[in-house]
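Okay, structure first, notes after.
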Amino acid sequence: MGVKYLWDTNTAIYFLQQQFPAEVEKYIDEIFEEAQPCISAITEIELLCWRAASERDILVLNNFIDYSFVAELEKEIKAKTIYT
């Protein structure tokens with residue numbers, strides 16, 4: 001498995017909340033099985049800044065982020081941008 005696609009924030013959110021139409025969901029599932037998701041550090045920050053996230057949402061987000069390849073910024077810079 002390798003990195004083939006860069007997921008933006010909306011793609012990640014719609015995927016995690018199962019908001020795509022069925023045919024798109026099937027396509028995204030196939031992509032997810034063949035290639036590790038790649039997200040930017042900006043997408044990671046945006047996902048972690050979701051204010052209305054429940055504890056379950058946060059667990060799902062963290063699992064998705066842990067599974068994804070994250071194109072990083074320096075951790076100190078990124079940490080300054082995440083607020084809870």
The stretch 56-81, subset among the acidic types (Asp, Glu) and not in a helix (DSSP H, G or I), residue least open to solvent (accessible area, probe 1.4 Å)
GLU72
Of the residues in the stretch 60-73, those that are at pLDDT 90 or above and either more than 13 Å from GLN17 (Cα to Cα) or in contact with a strand residue (DSSP E or B) (Cβ under 8 Å, 6 or more places away or on another chain) (or both) come to ASN62, ASN63, PHE64, ILE65, ASP66, TYR67, SER68, PHE69, VAL70
Please go through the stretch 12-36 and pick out each residue that is open to solvent by 70 Å² or more (accessible area, probe 1.4 Å), closer than 17 Å to ILE65 by Cβ and either modelled with pLDDT of 90 or more or acidic (Asp, Glu) (or both).
TYR14
Quick check: anything in the stretch 38-55 in a helix (DSSP H, G or I) and exposed (fewer than 14 other Cβ atoms within 10 Å of the Cβ)?
yes
Tell me, which residue of the stretch 5-25 that is closer than 20 Å to GLU46 by Cα and assigned to a helix (DSSP H, G or I) is nearest to the chain's Cα centre (by Cα)?
ALA12
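The values are calculated or read from the model by the stated rules, or taken from the named source; none is laboratory data. The model shown is predicted, which means the values in this text are computed figures rather than measured ones. All Cβ positions, glycine included, derive from the backbone under ideal geometry; neighbour counts span all protein chains shown. The accessibility values were calculated without ligands, DNA or RNA, using every heavy atom of the protein model including side chains. Shrake-Rupley method; radii C 1.70, N 1.55, O 1.52, S 1.80 Å.
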